[in-house]
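Have a look at the structure below, then the notes.
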């Protein structure tokens, strides 16, 4: 969907909030208090599997856990300085990786750059009514953002995806509060007036968002909806940062808290009607860490890589109660291997040969609870799992799947590990032969295998 982002002026992606950030003096960048951000990690953006907030046994490749992401630029995963869409790696990518620890699943991302809560409501209303809406009809000025028009036009796809989702993750609201930043940039705004402006925006935002959530519930009353609150991208006033006064900043901090409380109130209201809504707290971990977690030093309010890592962690903890991270890879190990939610460790390591990943067959079979047999005379390994019987003969360019010969791009081979010989199977064969979901995530150098 964002394959030609590099051809579009990235100035459109900075959003009006940069007008406020532009008041940051150059001294901030050189300040000892301006912490350096972590180096970016990259991943491909694809409409690909995610996993589940439910027992692993409840979901498999034939019945995957369906996740739908809806929202603004944070859901897109926009990060300043990235010109290749394939390099965008936002919170949805992190949620995807965490989900793969829990079982087979799918994700569809309906993130729209520049989207506001009113635009989201109009889009969802059209979906509920089975109509198509143009970007400009959903929200004035929205069509200027890259791919907004074609994404908004996918109303039918949005309806179908939301109606069938098990989990819906959302970020929306940052663009709603840009008028405040414009006011602060253009004139002197007394704290009392600022409070009134924020109260009015918060009331409208909460009301509009509740209507959007009700539209989603009308499409799918059984979906688990997980929505983030909003972080304050501006650092506290200091000798280096004089964008707002301390009094104004106190009002802004209070508004962030009020926004979260308003979302919790909506959550309680919907819970009383049988709907499932969870609120993700991203405001707290970003507080006081704006230089570390956003690109505000470079006049952009979006999260950087470290910021998206934090948001992904907060979402994962809300959904699954954990955020899993593997230990650093040993020098002789090319990737992590997670089978059925368990990381394989031991002497038999994955191997990459001729750009093909090979896995130790016995270790994988044991992790999956599959049956493995070895015929030394024919040098054939047979694995049985999930009603399938697949045989791999060393060096053969075919495999037998329930008695039928199926082409094999890369044959299995034997490798000596210590005093024993181990059968190594090409990763793709697990998906083709046994019907497992096999996903490799370059961002964390991890292959996930789920039945």
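Where a number appears in this text, it was derived from the coordinates with a stated rule and is not lab data. The structure displayed is predicted, hence computed values, not measured ones. Every residue, glycine among them, receives a Cβ derived from its backbone with ideal geometry; neighbour counts consider all protein chains shown.
Using per-residue counts of other Cβ atoms within 10 Å, averaged over each peptide, order 389-395, 182-188, 377-383, 227-233 from highest down.
With the highest mean Cβ count within 10 Å placed first, the list reads 227-233, 389-395, 377-383, 182-188.
So for the stretch 336-450: antiparallel DSSP bridges make up what percent, rounded to the nearest 5?
Antiparallel bridges: around 90 percent, rounded to the nearest 5.
Packing-wise, with mean Cβ within 10 Å as the measure, how do 147-155, 200-208, 367-375, 116-124 rank, highest first?
On the way: 147-155: 19.3, 200-208: 16.2, 367-375: 14.6, 116-124: 24.1.
The most tightly packed comes first, giving 116-124, 147-155, 200-208, 367-375.
With labels modelled as points extended 7 Å from the Cα through the Cβ direction, what inter-label distance (nm, one decimal) is found for residue 204 paired with residue 222?
3.8 nm
Where both residues lie in the chain, what percent of DSSP beta bridges are antiparallel, nearest 5? It would help to have the intermediate numbers written out before the result.
Working: 38 of 63 bridges.
Of the beta bridges lying entirely in the chain, close to 60 percent run antiparallel.
For the stretch 162-256, count the residues as N, evaluate 2.2 N^0.38 Å, and divide the Cα radius of gyration by that value, please.
Cα-based Rg divided by the globular estimate yields 1.35.
Among 238, 295, rank each residue by its count of other Cβ atoms within 10 Å, from fewest to most, as a rough exposure measure.
238, 295
Quick check: from the Cα gyration tensor, does the stretch 62-168 come out rounded (a/c under 1.5), prolate or oblate?
Verdict is oblate for the stretch 62-168.
Find how many whole Å separate the alpha carbon centroid of the stretch 66-90 from the alpha carbon centroid of the stretch 297-338.
Spelled out, the Cα-based centre of one part sits 14 Å from the other.
Below 8 Å, C-alpha to C-alpha, sequence gap of six or more: please give me the relative contact order for the stretch 74-125 in percent.
For the stretch 74-125, the relative contact order is 40 percent.
Kindly express, to the nearest 10 degrees and within the range 0 to 90, the angle between helix 305-320's C-alpha long axis and the longest C-alpha principal axis of the chain.
70 degrees
Based on DSSP H runs of at least 4 residues, each adding -39500 (n - 2.57), what is the mean residue ellipticity at 222 nm of the chain after dividing by all its residues, to the nearest 500 deg cm²/dmol?
-10000 deg cm²/dmol
Relative contact order of the chain: what whole-number percent is it, with Cα pairs under 8 angstrom and at least 6 residues apart? Before the final figure, lay out each step's value.
Values: 874 pairs, mean separation 74.7, N = 451.
Computed value for the chain: 17 percent relative contact order.
Can you tell me the length gained on complete extension of the stretch residue 406 to residue 324, counting 0.36 nm per residue apart and subtracting the Cα distance?
Working it through step by step, the gained length comes to 25.9 nm.
Which of the three applies to the stretch 336-450, rounded, prolate or oblate, going by the alpha-carbon gyration tensor with a ≥ b ≥ c and a/c under 1.5 meaning rounded? Could the numbers behind the result be given before it?
Details: a/c = 1.42, a/b = 1.23, b/c = 1.16.
It is rounded, given that a/c, with a ≥ b ≥ c, falls under 1.5.
When 214, 297 are ordered from fewest to most other Cβ atoms inside 10 Å of their Cβ, what list results?
Lowest count first: 214, 297.
With a/c under 1.5 counting as rounded, go ahead and sort the stretch 226-315 into rounded, prolate or oblate using the C-alpha gyration tensor (a ≥ b ≥ c being the square roots of the eigenvalues; past the cut-off, prolate if a/b is larger than b/c, else oblate).
Cα axes put the stretch 226-315 in the oblate bin.
What's the FRET efficiency of residue 345 with residue 419 using the Cβ-Cβ distance as r and R₀ = 25 Å, to the nearest 0.05?
On the way: r = 20 Å, r/R0 = 0.79.
It comes to 0.80.
Among 106-113, 424-431, what's the highest-first ranking by average C-beta atoms within 10 angstrom per residue? Write down the numbers at each step before the final one.
Details: 106-113: 24.6, 424-431: 21.6.
Going by the mean number of other Cβ atoms within 10 Å, highest first, we get 106-113, 424-431.
Would you please report the Å³ per residue occupied by the convex hull of the alpha carbon atoms in the chain?
Cα-based convex hull of the chain, divided per residue, equals 154 Å³.
Just rank 178, 263, 421, fewest to most, by other beta-carbon atoms within 10 angstrom.
On the way: 178 19, 263 25, 421 13.
Ascending Cβ contact count within 10 Å gives the list 421, 178, 263.
Summarise the long-distance tail of P(r) for the stretch 93-228 by giving the % of C-alpha pairs beyond 18 Å. All intermediate terms of the calculation are to be shown ahead of the outcome.
On the way: 5549 of 9180 pairs.
The calculated P(r) of the stretch 93-228 puts 60 percent of pairs beyond 18 Å.
Relative contact order of the stretch 235-347: what whole-number percent is it, with Cα pairs under 8 angstrom and at least 6 residues apart?
14 percent
Once each part is reduced to its C-alpha centroid, what is the distance from the stretch 211-253 to the stretch 360-379 in angstrom?
52 Å
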